[in-house]
Structure formats: structure tokens, C-alpha cells
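Down below is the structure, laid out as C-alpha cells.
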2 protein chains.
Amino acid sequence: MKKSFLFLVFLSATHVLCAQASLQLNSPDGQLSLRIDNQQTLTYSLAHQGKLLVQPSRLGFSFSKPKLTLSEFEIIESQEQEVDQSWSPLYGEKSSIRDHYRELSLFLRTKTQPAVEVVVTFRLFNDGLGFRYTFPVQKNLNYFVIEEELTAFKFGADHLAFWIPGDYDTNEFLYQSTRLSEINALQANFQELDISVKSPAGDRVIQTPLQLVTDQGYYLHLHEAALGNYPVMQLELDKADFSLQAHLVPDAVGNKAYLQTGSSTPWRSIIVSTTPEGILASDLILNLNDPAPSGDYSWITPQRFIGVWWEMHVGKGSWDLASRKHAANTDNVKKYIDFAANYGIQGVLVEGWNQGWEDWFGNWKEEVFDFVSPYPDYNLDELTAYAQSKKVRLIMHHETAGSVTNYERRLDQALDKMVLHGMNTVKTGYVGKIIPRGEHHDGQWMNRHYLHVGMKAAEKKIMVVSHESSRPTGLHRTYPNLMASEAARGNEFNNAPTFGLTPEHETILAFTRLKGGPLDYTPGFFDFKLNRFDASRKTQVNTTLAKQVALFVVFYSPIQMLGDLPENLEKFPELLRFILGIPLDWKESHYLDAAPGDQVIVARKSKDSSTWYVAGISDEQAREVQLDFSFLEKGRQFRAQLIKDAEGAHYDSNPTAIETLDWKLGPEDKLRIQMAPGGGFVVKIEEIR
Amino acid sequence: MKKSFLFLVFLSATHVLCAQASLQLNSPDGQLSLRIDNQQTLTYSLAHQGKLLVQPSRLGFSFSKPKLTLSEFEIIESQEQEVDQSWSPLYGEKSSIRDHYRELSLFLRTKTQPAVEVVVTFRLFNDGLGFRYTFPVQKNLNYFVIEEELTAFKFGADHLAFWIPGDYDTNEFLYQSTRLSEINALQANFQELDISVKSPAGDRVIQTPLQLVTDQGYYLHLHEAALGNYPVMQLELDKADFSLQAHLVPDAVGNKAYLQTGSSTPWRSIIVSTTPEGILASDLILNLNDPAPSGDYSWITPQRFIGVWWEMHVGKGSWDLASRKHAANTDNVKKYIDFAANYGIQGVLVEGWNQGWEDWFGNWKEEVFDFVSPYPDYNLDELTAYAQSKKVRLIMHHETAGSVTNYERRLDQALDKMVLHGMNTVKTGYVGKIIPRGEHHDGQWMNRHYLHVGMKAAEKKIMVVSHESSRPTGLHRTYPNLMASEAARGNEFNNAPTFGLTPEHETILAFTRLKGGPLDYTPGFFDFKLNRFDASRKTQVNTTLAKQVALFVVFYSPIQMLGDLPENLEKFPELLRFILGIPLDWKESHYLDAAPGDQVIVARKSKDSSTWYVAGISDEQAREVQLDFSFLEKGRQFRAQLIKDAEGAHYDSNPTAIETLDWKLGPEDKLRIQMAPGGGFVVKIEEIR
């Protein structure tokens, strides 16, 4: 996270403007232009090479306390600057990120009395726009309650959208690929029977990250950045003009956010690209997040782990002791530790280690778990010593069941217990309706909670992976111990009885959920029919084996759980060792070919060596990939190792047909690779010295 | 809390009853009779000597989950027993309490399917009735959500009522004395301008404890006992038949209570007496509470303290540092410690010691106080050492501002800090709208919170006095470190600009709020016009000085803060020493004469000696009291010391006119004492040995 250089130009210190002014700001490369109009209301619009992508769209707020509408403003002053700097993330897809934008700050004052001051800051990058509202400390306003944010994104055309339905409590939906005009969010919500807690937000409300494709071939991506003390922004569609209006997740009494002046909203982000790969390559959201405060982050270490977890999903074991097949028992966990040690896997997550699983879900029960009391058949001291002797770490599991007041009361003791037992990573979970009752997973109170946990954990040098939390917005730049989250329909949904996962799902996730931050998707399923322990199950993993391997390269995360059981992983020991050799931190990443719902091909270079990985995933179609290795350094020799779908491989009928090839490779070479339906591949390219 | 004897008769082990049965249970003395009828719905009624006091009144529930109404039952079985036992409270108005009742348990099953089992347990004492619902563990029901409790109290006559309006967040109202037909709760609520947070419950909703007086001269008292995991019961009046229906305080989403089978509701209590003194003497509510678990309670010690508190109320000082008159500074607190040490006062409460008072109220702000960070001018270490050297204890103040999630997160550290600094008593406060937002001071979630704090504090041997909590229901029997609470319009309301306190207020409190448990009323005001530091104030204390002294005897509490400033208390050093000699724990108490709204006269005997105190308070009327000392042991000699209103004393025009008399007294003596308007008296009677 060193700031390598800063190039900052004050284009103009201050403009003092008349009330009717219109203003324009161009991106550093001049291709994107932002226009501000202030007629009756204040609007912004965005064009690329003169083509209007976002039509004039509203900015502002309605407050419930004080009762105010902020939509008619005088522009008191505007400031512009250009910033060009680079920074190095602690971990990520690349080791250096360029942050280059022109910024326009509008100092606004509402026309109604008492006048309220707001600053809107626009940052126009070559690949899109970010903007946020700041409420400066001022005479007429201190605390205020937001009834709704009036920000809109007006497209005026019926774009293709990759969307999930709006919901205040979950983002675990399958994606829909439809025109905006075809969005029926409630139907999409209601048909999902395998999500435990849902609170549909309305028939026109959808979630971000939202990937749009225009008929002119533009890829537009809507999301937000740096969501901390604020609710999640979902979007309400008006089919009359194809505009999307911010729809903030409410709290228990229907308010949206409680703020005090001296604060800012999250950034609203619009990534713009003429290619799908440009969306995937964009660092706009990370750039809009604040750097981490300076400090010692050496304790944050990318890692892979396995989990006493999937065996409960497939019915081999159970979380609860009363079931008589309690998986988290000392002997069983020792086997996981042995397995991890044998393969050099850093950690073993143990779910179901603690008392309470007999009666934890579905009753809005407040005192569920205490986070410190193991089941009697789980000898934590013995396992701690055993894991340490094998140089493996136990990974803690804090399932809250949504009872967050209970968790917060006990958090200090829970984290202290981890430290006492040498654990440095916790997986948190929020499966259930939230307590405080009436609050939602995606509301302001919960977003503050996720950060509270992150900061408490950081005090004790603990890394956090969260499940069922709100989807990420790049905050891991600022709080790097928030390593990853699920916040999507993860690989575990392969076992969901109604829909499971579609082969295209991952190709859309790359464009949507992944843009916010690392995803704990738990790839690494080596066994595909999920009826081994329960013959009645029809569920299966809808990828090929090669695609499971490819996901470790395609989906970036600094912390990854291999999903499958040790006994299944051991069926393909060479593949497993191959996966464990894939870096968790990269120097460069290049998206070679991609389309949401179709495929994603990416080339990444290790941070620590000159080794490259090129990997791809496909949807339900077989696809041929043409690889060009001209990115390799000329005059050098490389060894390539390819893992791909074998002839006849198919996600449904023949998922494990896999082929491995080794050969010598140079920058001048080209390669055609066939991906099977639901398939994928990885090429590892090592320099021969 | 020793159980001295237990006399238990099983009157009949089991009745198996037909569905249409009616049942009767008589009190041990045969005067009260309870009748159960089970026609269409199940009802109970209560009569005294054949006179119907509570007409047939409904029992039952509506559940919102599962969606069920529980009002039509089969009576599966009934059991009766008689219990006669005595127990000794840790502290209280008497050293031994007789608990003598006949109990009828009805085992009910709902007629609708799926059938739900409920047990209603009635305990009929000579002085009234308690009943509660128990939900046994059963096949068809586990978790359930209460939409409303259907319990009613039907009087069928327009009784005189001493009531305060229903409100989910406050009980700090002045009492109204009207017929039931004249109740307009919203008007009574709205006219109160000095209560910071109100949530009126409806125009016919009033609170308990509720004192009723019938035209036949019966005194009926409605309240509840052992309120733990449940919301406060308020009462909704139907003027058509003068029935009162349970109205439970809702949570953020409108539900009333979340319960699991294997639990019981609080007890609903009806104290019945033909005299007002009988209401005051009743131990029914305490008897309905569970005994404390056995253990070491030696750390619970009745005490008196003074507070850096009133000087902020009257404008001499302030809680916040920015005011530049910060009262909780090291030098000032040392003066309080000196004063306490000089008079043998055990503790000094310090409000405003911690950072955050510049911006703590009114904005539903979550992170208000951290409960551990003193202001820079408050040297906690130095004061801790200073207080210890003077044998005085600092008393901690935890004002939550209603932000309870914030308090619970920090509670462990806050209590640990107290232990570190030798503090064993905390005053908690809840001035503000509750966070979790949408929850109320009197809802189930908060009632659980108050107990959570009590139990956490008990783990660290800390005594708790709470302000702005829900009104007590005798739980201090079970949790004896919950020493006292305010939960009423306390003496501090003398400084409220709109209404203040009326002279009759305390005479009603004795019948209402005090029946639930000890009240931290903060008597001991020696200065009556409250404009000394702010000439614009019109507020004043509407009692005489003698009444302030009398309140220390009349209002029982094991922990008492003397309200006034040291410099005011020092104006009457003899009175102050007299007050500090009044026991905080009694062997016997006898209410000699009382009427709500008029007067209360009580005689109490010290637990540790043969000393008696007889004290009285009056309303705005001058009253003559006739005292008969025949309760004194014959053949012995006593010295009496009387503190009374002097000639011409008056709460408004001449509050400090006070007179002290000493003389010898015997059991044969009688005495007439004049109480001034708003006045009072105390006689201390010591045996001459």
C-alpha cells in the first residue's frame, strides 16, 4: 500500500457560478464527459465520445428529520483538480494500481430555507465515474435522517441487464439476464425456495453490482464504493424511461440512514467500457476507497484452508451433536488436520464445534450461541496442540444465526478465545433474521456491525471471512483484514434442492459480485453427484472438474476454502497440488476474453515469480479459446502445464473428464483450447532458467 | 433469604374435569374467592365475602406465529395446594415475610387444532390474587410469538383510579386521580412537556401499578410480578363495562413477546383490601417473585450516597466540559468526598465524569459514550485513591442515552473498569430513544437487557440502581443486586419547568410505584427555591423540609441518594445526621394511616436494634395525625425525638419552618402531630436502657 507517486494538477482553484450554470468535466483521456445541469433540479449526465450513456439524472435527498427535500440547489462554488497516482494493494489482482481521475466538487446550497449545504464530488476516470455526497459541518444542520437518496441513473433505453432481485436480507440469488423492460423482481425473488431469509424490496427493485449492456455495445456497470456507515443502495427501475433510482435499505422504523454532518455517503460508481474485458479490468471501485491507515499489516497473510463443512451439507455429518453424526469431533478434525498438513494447506475451518446447533435457526431466537463453549466431543485444547504440532491453524467459526446483539455482547470474549488458541482467522455467518428485530442484513446498522467486527478483529490481528453479509464495495482496501466475503450465491448452492447453480453463474459473478471484492466462493469440488450420503438427493455440481480448478485463478480471493471433502480432494492429488500452487497474490492480471453469461479468460502473473497462469471458464456452451502468448518476455523459454476438459467432458454427463498436457512454450506460440459445456482450463507457464 | 418454615397441604392432588366445569378456590382465611368458568371462553372472577370485585374476565392469548388464538380451552386437569411459608429478604421493610396462599393450577388445552397446552396458575392469598400462564414443553408448540395477551380485569363499575397514561417509553408522569370514565390518557400524556422521550400507547391505555378505589370502599391494586423475559403490561380501558385489558408493549416490528415453551409469563397481581393501609402492607408482589438462588450476597450492602448531580440540574454546574462549568472535575469531586467522609456517607456518585456529554441527547446517536474515558479534568486514579483514603466509595454512572447496543458492546469493559477502581455500585440511565431503533424502554428486549446488566454486574459483585428503566415488579427478591430504580417521576422533577411535582405526588407513589420495589427517589432537598444559580427559574420543591426528612422513612429503599447539594445539606447538619441514622433495613413495618393522594403514616422498627421510627407525609392539606404508641413494649422506657413542621410551615411559602422535640415516651402515650400543607414528620423512638 505504498503510494508510489502522485501527480496532482489543480485545473482551477475555484469557480463561482451563477445558479443556472452548466458545467462539464472530461476524463483524463478526454473520452468520457460529465455534464452538470442546474435548471429546476440538479442533474448529471455522462457521455462517451459524445454519445450520451447516462441521460440527465437527478441528484439529492429527502430527509425525514429535519423534514427537507434536497433537490433544488444553488451552486455556490466548484473546484476541479486532476489526480494521477499509483498505489500498491496489500494483496490483489495486481501489485500496482493507477488511480487517475479528474475531480469536480460542487458546493451546493439548497434554495429552500433553512439552507443546507452539500458537496457533490465527481471523479471521472478513463473507465468511468464515481460520485458521492458530503455534508460539511454547517450552521443549519447537524444530525439528520435520510428518508431516501434521490440519486438516479437514467438510461432511456432498454439495456440488457444481468441482475438479481432487490432484497433487504439476501443476495444469494441466481442471476437473470433480461432486458430492463423484462424485469419482474418479485417473481425472480419468490421462485427462489432455497434461501433461508428473504425480504423482497419490490417488483422493480434490483441489486448492485448491476451489469448492463447497451445495443450500441457499451458495457455499463453500476455499484458503489466504500460503503460503511450507510445502508446498501439497491435500485428501483422506472420502465417508462429506463431510469434506476437509488433505493436504500431501510431500518426497523423505515428510516434509511442516520448521519451527522462532517460525513460522506458511499461513492456511486458507473464503470464504462466498450468491451466486457474493460469492466473486469477496472480498478475504479478500489480507487474510490480510502487507503488503509498506515500500520503493521504483516499479520494479514493470504491463505487456503479446508473445512469441516461440506460433509454436513451433503449429509455425511451434522453440525449438531444430537444428530449422532456430529462432524466437529476431535477425531474427525484430527483427520482434517492430517490432511491439511500432508498437502501444506494452512488452515482447517471447523463448523459445528460449539454448542447450540440443535436449536439455532428459524425462531428469531436471541441467545443462540455463546461462541466459546465447545461440544463435549470437541477437545479444543487437544486440537489446538495437535494443529500446532502439524503447523496447521484451526479457523474459527462464528455463526450468529442473525442474532447480532447476542454476538456483539460476546464478541470480545469470542475473539479472546481465538487468540488464546492461536487462531488468526474467523469465518462469520449471519444465517437468519436479524436481531435487532426489524433490522436487515443490508441496512446501515448491519453495515456498521460488519465494520465493528472487522475493527475489533484487527485489534487482535484476526482476519475475517464473512458469509451472509452485505456485498462488498472495496472496503478491503481500507480494512485489509476483511479478507473476503460470500455475499452471493456461492458454490454451496450446488446442493440447493430447487435450482442449484447454473453453468453460466460464475461468468456473471465475475462481472457483478466480484467487482466489489474478494469472494469466498469455496471452489474445489472434485465430486459432482451429491447423493453419496443421501441417495434421495438430485443435486449436483454443474461444472467440470477443470472448471473447478480454473475458478482458483479466475475468481480472485486472498483467502480461499477448498470446498470438497478431503476424501474427494484426494482422488485427484495432482490437481489438488496444482491448485495449492496457484498464487493468492498477483503482480499483473489481464482479462483476455470475457462476456457475462458466456465466458471469462484471464492471464495473471505471480507477484513472487515470473510464473503466469492463464485460465478460463465457460457457461453451458462448449467454447474454443484462442490463446496468444505474446505477453511472455521475448527470448526466454517457458514450460507450460495445461489442465483442461478432456474430449467428451460435460458438466452434467461427464464432469471429471480431464486432461493434462506439458510442453515448452515461447512468446510466439498460439494455442487453441476447447472448453467443454460448463468447462474450463488453466495453463501454468513457468520460465525455464 | 432463609426459608424459615414451609407448611404445604395438597388439598387435592388432581381433578379431572368436564369441559363445562366451574371451579372455586378460597383464600386461606376464606374471605376471598376465585371462580373459574369455562363456558364459551375461560374466565376468572374474584369476590370478597361474596361481593364480586372482579367480574368474569377473559384469559388467553393471540399468537402471531403460529397464527393462533388461545381463548377456548378444555380443562384437562386441575391441581390445588396450600402453601404457608416464611422467608427473609436480604433487605426490606420487614425481616420475615409470610407467604401463605392456596394455589389452583388449570391444565388447559385449546379446542382448535393443533391443540396447544397452557397452564394457568392462580395463587389466592388473604390479600389478593396472583396468576400467570405457563407454556409447558409440548409436541405441537415450541417457539411462539405473542401478538397480545387477552387477560382482562373487568370491574363493571366506575371506580376511582390513581393512574398515569400508557406510554411505551416512560413512566415519569404525574398521577391523575379520576373515575375510570374520566380517563383521557392521550391528553394526560400530551400535557407533559418535561419528559424527554414519550411514545403514547393510546387514549384508553394506562399503566400499572394502578390503584383503584371502589364506591363500596374496596382498595384494588393491579400490577404484575417477576417481569423478566416479557414486555411490560399496560392496560387498555373499555369504558362500556369498565374492564381493563392487557396491552403489552410492542417491539420494533409490532410483536409483543418471543417465547419458547418451558416458560411462564410474569404474574398478574390484584391486591385487595378493605383499607388503604392493607395495600401498603401487602407482600403479595414480593411473594410472587422467585427466591434468589443460594449464594454469597454479603457484598450487597444497603447504603446512602450523595451525587455530583443536582448542581447540574439547578444550573450551577454542567455535565459537559465544553460548558466551562464542568462539575465532575477532580477538585470539586474531592469536596464531595470530604463532605461524605465528614458525615459518614458511604458513596459519591459522579455524573458527567466521562467524555461525550457535549453531544449525547436527542439524535438517536449510537456511539455516544464509551463508559471508560474520563474527561481530562477528571483524574480517576487520583480520586480513587483519595476516596479510598477517606473510606468513601465513588459510585459509577453509566448513562446510555438509550443507545443500548452501544452499552452492551462495552459493558464488560465498563464493569471491569469499575472493579479496577474499587467501585461496587453503578447508576445506569436510559435517557433517550432506544437503540435498537424501534424498541421501547418497556418492551421485552429492554426488560431482558435490564436483567442482563444486573446479572453481568452480579458476576462482578456490583450493585445497580437504574433510572429510566421499566418499573419494578419485585425482581429484587430474585436479583438482589438490582437494588432500586427510579422508573417514576422522581424528586428531580421539582426542577421541571412545566409541572414539577405536586405535594400529593408522594402519597400516590407509595400506593403505586413503590409496590413494585425500592425507588431511587433522591429525597433530601434542604433548599427549596431553585433559582439560586439561574434567576429565571420558577421551579421549587413542593414539600416542607420535615417532609423531605420523612421520605427517608416512608419510601423504603436499601440505597438512597440524598438529592441536594452538600452546601445546602450542611445548612441543617443535625437534620442531615438524623437522616443518616435512619436504618436502610427494617425488622417490622406497620402502615398506621394512609390514603392515596392524602397521606401516608408508617411505623418501622430497625432490624439491628429496638429503635422505632414513625413518619408521615401529607399532600397539599394540613393534617393532624394521632399517634398511639401501644406497639411499644410495655414496661420499658423510650426516648422520642420528633422532627416536624413548625407552626406556619407551608410547602410553598415557608418550607423550612421545622421544629425538633425530645421527650420520654411510653407505650401508653398518645401524640397529636400537625403536618403542614405539603408537610411531614418523623419520630425516632429509642429504648432507654
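Might you let me know whether segment A:145-155 holds any residue that is in a loop (DSSP other than H, G, I, E, B), open to solvent by less than 40 Å² (accessible area, probe 1.4 Å) and within 19 Å of residue A:229 (Cα to Cα)? Yes: one or more hits.
The set of residues in segment A:386-423 being within 14 Å of chain B (Cβ to nearest Cβ), of a type in the set (A, V, I, L, M, F, W, C) and assigned to a loop (DSSP other than H, G, I, E, B) consists of A:401 alone.
Only a single item in (1) touching a Leu at 6+ places or on another chain (Cβ under 6 Å); (2) on the phi > 0 side of the Ramachandran plot is not met by residue A:635, and it is number (1). Against the conditions (1) crowded, with 16+ Cβ neighbours inside 10 Å; (2) more than 14 Å from every other protein chain (Cβ to nearest Cβ); (3) in a loop (DSSP other than H, G, I, E, B), residue B:169 satisfies every one except (2).
Could you grab me the full set of residues in segment B:424-448 that are part of a strand (DSSP E or B) and within 14 Å of chain A (Cβ to nearest Cβ)?
Narrowing segment B:424-448 to residues part of a strand (DSSP E or B): B:425-429, B:435.
Of everything in segment B:424-448, just one residue is part of a strand (DSSP E or B) and within 14 Å of chain A (Cβ to nearest Cβ), namely B:435.
Meeting the requirement of 1 or more residues that are modelled with pLDDT of 95 or more, of a type in the set (S, T, N, Q) and surrounded by fewer than 23 Cβ atoms within 10 Å (Cβ to Cβ), the strands (runs of 3 or more DSSP E) wholly within segment A:546-657 are A:586-595, A:599-606, A:623-628, A:637-645. Residue check: is residue A:246 at pLDDT 95 or above and in a loop (DSSP other than H, G, I, E, B)? Considered against the rule, which asks whether it is at pLDDT 95 or above and in a loop (DSSP other than H, G, I, E, B), residue A:246 comes out as no. Restricted to segment A:324-345, and to residues that are in contact (Cβ under 8 Å) with a residue 12 or more places away in the chain and among the polar types (S, T, N, Q), which residue is surrounded by the most Cβ atoms within 10 Å (Cβ to Cβ)? Ranking the candidates gives A:329 first.
Do we have residue B:122 as farther than 26 Å from residue B:539 by Cα, assigned to a strand (DSSP E or B) and either among the basic types (Lys, Arg) or more than 14 Å from chain A (Cβ to nearest Cβ) (or both) here? Working first, answer last.
Details: farther than 26 Å from residue B:539 by Cα: yes; assigned to a strand (DSSP E or B): yes; either among the basic types (Lys, Arg) or more than 14 Å from chain A (Cβ to nearest Cβ) (or both): yes.
Taking the combined requirement at face value, the residue satisfies it.
For segment A:381-394, the set of residues classified as open to solvent by 60 Å² or more (accessible area, probe 1.4 Å) and in contact with a helix residue (DSSP H, G or I) (Cβ under 8 Å, 6 or more places away or on another chain) consists of A:382, A:390, A:391, A:393, listed by residue number.
Scanning segment A:449-476 for residues that are of a type in the set (Gly, Ala, Ser) and assigned to a helix (DSSP H, G or I) turns up A:454, A:457, A:458. Apart from one condition, residue A:144 fits all of (1) farther than 19 Å from residue A:233 by Cα; (2) within 14 Å of chain B (Cβ to nearest Cβ); the exception is (1). Filtering segment B:271-282 to residues that are surrounded by fewer than 22 Cβ atoms within 10 Å (Cβ to Cβ) and assigned to a strand (DSSP E or B) leaves only B:273. What about residue B:520, is it under 23 Å from the mean Cα position of the chain (by Cα), more than 24 Å from residue B:212 (Cα to Cα) and surrounded by 24 or more Cβ atoms within 10 Å (Cβ to Cβ)? When the stated conditions are applied, residue B:520 does not pass them. Examine segment A:427-445 for a residue that is at pLDDT 95 or above, open to solvent by 10 Å² or more (accessible area, probe 1.4 Å) and within 14 Å of the chain's Cα centre (by Cα), and state whether such a residue exists. No. Selection within segment B:223-266: residues that are crowded, with 24+ Cβ neighbours inside 10 Å and charged (D, E, K, R). The member of this set that is nearest to residue B:142 (Cα to Cα) is B:256.
None of B:300, B:285, B:306 is in contact (Cβ under 8 Å) with a residue 60 or more places away in the chain and assigned to a strand (DSSP E or B) except B:306. Given the structure, is residue B:365 in a loop (DSSP other than H, G, I, E, B) and charged (D, E, K, R)? The answer is yes for residue B:365.
Only one of these is under 30 Å from residue A:497 (Cα atoms) and outside any strand (DSSP E or B): A:251, A:158, A:215, A:194. Name it. Spell out how you get there, then give the answer.
Working: A:251 fails: under 30 Å from residue A:497 (Cα atoms); A:158 fails: under 30 Å from residue A:497 (Cα atoms); A:215 fails: under 30 Å from residue A:497 (Cα atoms).
The match here is A:194.
Looking at segment A:207-216, is at least one residue away from chain B (no Cβ under 14 Å), closer than 26 Å to residue B:437 by Cα, open to solvent by 10 Å² or more (accessible area, probe 1.4 Å) and polar (S, T, N, Q)? Taking every residue of segment A:207-216 in turn, none turns out to be away from chain B (no Cβ under 14 Å), closer than 26 Å to residue B:437 by Cα, open to solvent by 10 Å² or more (accessible area, probe 1.4 Å) and polar (S, T, N, Q). Name the single residue, out of those in segment A:368-380 being more than 14 Å from chain B (Cβ to nearest Cβ) and not in a strand (DSSP E or B), that is surrounded by the fewest Cβ atoms within 10 Å (Cβ to Cβ). Here the answer is A:376. The single condition among (1) over 20 Å from the mean Cα position of the chain (by Cα); (2) within 15 Å of residue A:658 (Cα to Cα) that residue A:580 does not meet is (2). Mind checking which pairs have a first residue in segment A:243-259 that is more than 9 Å from every other protein chain (Cβ to nearest Cβ) and farther than 16 Å from residue B:363 by Cα and a second that is among the aromatic types (Phe, Trp, Tyr) and open to solvent by 20 Å² or more (accessible area, probe 1.4 Å), Cβ under 8 Å, 6 or more apart or different chains? Taking only residues 6 or more apart or on different chains, the pairs are A:249/A:168; A:250/A:168.
The values are calculated or read from the model by the stated rules, or taken from the named source; none is laboratory data. Being a predicted model, the structure only gives us computed values, none of them experimental. Note that each Cβ is placed from the backbone with ideal geometry, even for glycine, and that neighbours are counted across all protein chains shown. Note: accessible area is taken over every heavy atom of the protein model, side chains too, but ligands, DNA and RNA are not part of it. Shrake-Rupley method; radii C 1.70, N 1.55, O 1.52, S 1.80 Å.
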